[in-house]
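Below you will find the structure I want to go over with you.
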Amino acid sequence: MYKYDTYDQAMVDARVEEFRDQVRRRLEGHITEDQFKPLRLMNGLYLQLHAYMLRVAIPYGTLSSAQMRMLGDIADKYDRGYGHFTTRQNIQYNWIKLEDAGDILADLASVEMHAIQTSGNCIRNTTSDQYAGAAADEVVDPRPYAELIRQWSTFHPEFSFLPRKFKMAVIASDIDRAAMKLHDIGIQIVRNDAGEIGAAFYVGGGMGRTPMIAPCINPFVPIDQFITYSEACLRVYNRYGRRDNKYKARIKILVHELGKDEYTRQVEEEFAHLLSQNIEPPLAELERIKAMFADPPFEAGAPDELDRSDPDFALWVDNNCVTHKQPGYIAATISLKPVGGIPGDASGEQIRLMADLARQYSFDELRVTHAQNIVLPHVKKADLYALWQVLEANGLGTPNLDLVGDIIACPGLDYCSLANARSIPVAQKISQRLSGKAQEIGELKLKISGCINACGHHHAGHIGILGVDRKGVENYQLLLGGSEAADTSLGQITGPGFDEDGIVDAVEKATQVYLANKEGGERFLDTYRRIGMAPFKEAIYG
Amino acid sequence: MKILTGNDLKTGAVTWWDGVQWSLHVEDAVDVGEHADTILAREMAARRVNAAYAIEAVKDEQGVRPAHIKDRIRAFGPTVRPDLTLKPADPTAGDWVI
């Protein structure tokens, strides 16, 4: 894992003291809320529906045990005993007091964490593959490249006031586990025929009110030029992105309006210019970072077999664990989606337990997934049963990864001041209604957003749900056919919306159509793509 | 009726104008009639409330009820965590929101 050097620590410590002083001045009345608001947002502090909300950055979703433990302690000490893991691989606390904000940031800084780049029109926290460094299918570990982006983008003076927020994701596998093509810039680290490492750039994707899939504008940028290329992409956007209309200010609109070819031409022109400016970080820095992401000391020859005699354990292994690059090891996902639970929520106690389990069983490492779960990336197979028993005993052993109960849901109108409808109760009802059929239904990615901003990724759900406000009453639109994997697609709205109970019925009917029509090993998405919308509409509205 | 709501500057807690000060309980809210702007300007300048605004509400036998569900959830708390609302002991309290 990356360890702060003296520069990193000094920057974060200085920011803590700066913000502590800004809070003091606000509380004493030296600055107004209008003056203070942009300052608190630069430190991840929002004013939400019930209180201040603090969003803490978890770069590329990677955490140490000590960091995870601190997140649990903050939940208990400053909040109401829980935190909410988000679709940006971050964590949010919903009940923060302004007067505590400086102390919280200081506690975070003590474990090399902060809340910078979690709000505002800057380059946000970079996301990545939750199995990075463990996946058997990756070209390289993508996290050193994400870390280099973090260092390049943090407090970048040219990109601190972009036309709009800017989200980047980095992966290194053909299987996309980070919704890479639905980011402002998605980068896939690739290896060419000559064996050289490079970066494929996908630019102009996003969800929100105008969902778009990012086109590939350059399939291979040499890795020792990828920051320069990123700078070129940002610079063209910063120059021509629309600042006159918030709803047209994201880079996807610029790429769409200019056209991929013209945008690419301008980026390449800027790139050629920037190459002459020699702005790329020295390769030595990348090598320094890469050294911190070296493999942990895996045990050579660790047994590769599992005792599957306990059927509940076997089910959890089949659903929640994936193959590891190292024989004898496995990557295990801890579901934060118990049946009828609140997606992504974990108590302070559970957070500390997961930290302890990571220390004991996963070389001190955890990952937050964009699907709001936690991964222990390097578990020895010989330890897996003991690990599972602890998880199961503490409500963390739900075997539902990528099944119908593994629902992504934004906080919705229960917490968020932007939301138009509640997301969580809908997720809970669907989970309760359909989890009994989860194994029969198989892979089904269900995603719920409480407003058009799409924090719940509804456009990319095999089944998506969008909550809207219809004359002061919650109403839910149903979408089918989305995907945020390598086969990225955007869901299509089925028709008129439903009330809270109606949307649960509609989802159940959609699964019934799938089960009645599936062929062979088809997933829900495969069947939908083969038979189209009509049979689903007929069942839902007929 | 028109009532005023905002957040406590220090704690962020949702508050309601009761005619004299800011209360945690929506049932204390009073009709401010045409005086909303005056009260809001005065109270925010004095930092007794933050990000305050006026909303429509009705008063019936159950008390003061904000017209929009968003403000009813602000008044009650998250419907999915009754233990964190102002009425954690009342299992039906959330019905008021919907």
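The values are calculated or read from the model by the stated rules, or taken from the named source; none is laboratory data. Owing to the predicted nature of the structure, the values given are computational and were not obtained by experimental measurement. For neighbour counting, all protein chains shown are included, and Cβ atoms are generated from backbone atoms with ideal geometry for every residue, glycine included.
Looking only at the stretch A:21-47, count how many residues are touching a residue at least 40 places away in the same chain (Cβ under 8 Å) and either surrounded by 15 or more Cβ atoms within 10 Å (Cβ to Cβ) or within 11 Å of chain B (Cβ to nearest Cβ) (or both).
11
If you check B:Leu86, B:Leu40, B:Leu24, which single one turns out to be in contact with a Ser or Thr (Cβ under 8 Å, 6 or more places away or on another chain), more than 9 Å from chain A (Cβ to nearest Cβ) and surrounded by 12 or more Cβ atoms within 10 Å (Cβ to Cβ)?
Details: B:Leu86 fails: in contact with a Ser or Thr (Cβ under 8 Å, 6 or more places away or on another chain); B:Leu40 fails: in contact with a Ser or Thr (Cβ under 8 Å, 6 or more places away or on another chain).
Exactly one residue qualifies, and that residue is B:Leu24.
Can you name the residue in the stretch B:9-21 that is free of Cβ contacts under 8 Å to residues at least 40 places away in the same chain and either β-branched (Val, Ile, Thr) or away from chain A (no Cβ under 14 Å) (or both) and, of all such residues, is surrounded by the most Cβ atoms within 10 Å (Cβ to Cβ)? Working first, answer last.
Pass one, the stretch B:9-21, residues free of Cβ contacts under 8 Å to residues at least 40 places away in the same chain: B:10-13, B:15, B:17-21.
Now drop any that are not either β-branched (Val, Ile, Thr) or away from chain A (no Cβ under 14 Å) (or both), which leaves B:11, B:15, B:17-21.
Details: B:Thr11: 18, B:Thr15: 27, B:Trp17: 25, B:Asp18: 17, B:Gly19: 12, B:Val20: 8, B:Gln21: 12.
Applying the filter and picking the extreme gives B:Thr15.
Of the residues that make up the stretch A:52-60, is at least one touching a residue at least 12 places away in the same chain (Cβ under 8 Å), on the phi > 0 side of the Ramachandran plot and either part of a strand (DSSP E or B) or touching a Lys or Arg at 6+ places or on another chain (Cβ under 9 Å) (or both)?
yes
Hey, among the residues in the stretch A:48-72 that are in contact with a Gly (Cβ under 6 Å, 6 or more places away or on another chain) and within 14 Å of chain B (Cβ to nearest Cβ), which one's surrounded by the most Cβ atoms within 10 Å (Cβ to Cβ)?
Among those that are in contact with a Gly (Cβ under 6 Å, 6 or more places away or on another chain) and within 14 Å of chain B (Cβ to nearest Cβ), it is A:Leu54.
Go through the stretch A:124-145 residue by residue and tally those that are within 16 Å of A:Asn43 (Cβ to Cβ) and either among the polar types (S, T, N, Q) or crowded, with 24+ Cβ neighbours inside 10 Å (or both). Full working, then the answer.
First, pick out the residues of the stretch A:124-145 that are within 16 Å of A:Asn43 (Cβ to Cβ): A:124-125.
Keeping just the survivors that are either among the polar types (S, T, N, Q) or crowded, with 24+ Cβ neighbours inside 10 Å (or both) gives A:125.
So the count comes out to 1.
Checking A:Glu158 against (1) surrounded by fewer than 21 Cβ atoms within 10 Å (Cβ to Cβ); (2) more than 24 Å from A:Glu285 (Cα to Cα); (3) more than 14 Å from chain B (Cβ to nearest Cβ), which single condition isn't satisfied?
Answer for A:Glu158: the failing condition is (2).
Looking only at the stretch A:78-107, how many residues end up being under 20 Å from the mean Cα position of the chain (by Cα) and either outside any strand (DSSP E or B) or without any contact (Cβ under 8 Å) to a residue 40 or more places away in the chain (or both)?
Step one: list which residues in the stretch A:78-107 are under 20 Å from the mean Cα position of the chain (by Cα), which gives A:82-94.
Filter once more, so that each one left must be either outside any strand (DSSP E or B) or without any contact (Cβ under 8 Å) to a residue 40 or more places away in the chain (or both): A:86-90.
Total meeting the criteria: 5.
Test of understanding: among A:Ala115, A:Ala75, which residue is of a type in the set (Gly, Ala, Ser), touching a Gly at 6+ places or on another chain (Cβ under 9 Å) and in a loop (DSSP other than H, G, I, E, B)? Give the derivation first.
Details: A:Ala75 fails: in a loop (DSSP other than H, G, I, E, B).
The conditions single out A:Ala115.
Give the number of residues within the stretch A:421-442 that are surrounded by 23 or more Cβ atoms within 10 Å (Cβ to Cβ) and outside any helix (DSSP H, G or I).
3
Still on this structure: Among B:Arg81, B:Arg47, B:Arg72, B:Arg42, which is the only one that is farther than 24 Å from A:Asn94 by Cβ and not aliphatic (A, V, I, L, M)? Full working, then the answer.
Working: B:Arg81 fails: farther than 24 Å from A:Asn94 by Cβ; B:Arg47 fails: farther than 24 Å from A:Asn94 by Cβ; B:Arg72 fails: farther than 24 Å from A:Asn94 by Cβ.
Of B:Arg81, B:Arg47, B:Arg72, B:Arg42, the one residue that is farther than 24 Å from A:Asn94 by Cβ and not aliphatic (A, V, I, L, M) is B:Arg42.
Exactly one condition in (1) within 27 Å of A:Met180 (Cα to Cα); (2) in the same structural domain as A:Glu484 (by TED's automatic domain parsing); (3) in contact (Cβ under 8 Å) with a residue 60 or more places away in the chain is false for A:His370; which is it?
So A:His370 meets the others, but not (2).
Still on this structure, please answer the following. Scan A:Tyr202, A:Tyr229 and give me the residue that is out of contact with any Lys or Arg (no Cβ under 6 Å at 6 or more places or on another chain), outside the structural domain of A:Tyr60 (by TED's automatic domain parsing) and not aliphatic (A, V, I, L, M).
Numbers: A:Tyr202 fails: out of contact with any Lys or Arg (no Cβ under 6 Å at 6 or more places or on another chain).
Residue meeting the stated conditions: A:Tyr229.
A follow-up question, please. Just name the residue that is farthest from the other protein chains (Cβ to nearest Cβ) out of those in the stretch A:90-129 that are out of contact with any strand residue (DSSP E or B) (no Cβ under 7 Å at 6 or more places or on another chain) and of a type in the set (Gly, Ala, Ser).
Checking each candidate, the answer is A:Ser110.
Does A:Gly29 satisfy the criteria of being under 19 Å from the mean Cα position of the chain (by Cα) and at pLDDT 95 or above?
Values: under 19 Å from the mean Cα position of the chain (by Cα): no; at pLDDT 95 or above: yes.
Criteria not met by A:Gly29.
Sticking with this structure for a sec: Give me the pairs: first residue in the stretch A:329-348 and within 13 Å of another protein chain (Cβ to nearest Cβ), second residue in a strand (DSSP E or B), beta-carbon distance under 6 Å, and six or more apart or on different chains, which are they?
Pairs that qualify, where the first residue is within 13 Å of another protein chain (Cβ to nearest Cβ) and the partner is in a strand (DSSP E or B), are A:Pro343/A:Ala409; A:Gly344/A:His84; A:Gly344/A:Phe85; A:Asp345/A:Tyr82; A:Asp345/A:His84; A:Ser347/A:Tyr82.
Look through the stretch B:43-68, keep the residues that are more than 30 Å from A:Thr32 (Cα to Cα) and not in a strand (DSSP E or B), and return whichever of them is nearest to the other protein chains (Cβ to nearest Cβ). Let's see the steps before the verdict.
Filtering the stretch B:43-68 for residues more than 30 Å from A:Thr32 (Cα to Cα) gives B:58-65.
Those left that are additionally not in a strand (DSSP E or B): B:61-62.
Working: B:Glu61: 21, B:Gln62: 18 Å.
Ranking the qualifying residues of the stretch B:43-68, first place goes to B:Gln62.
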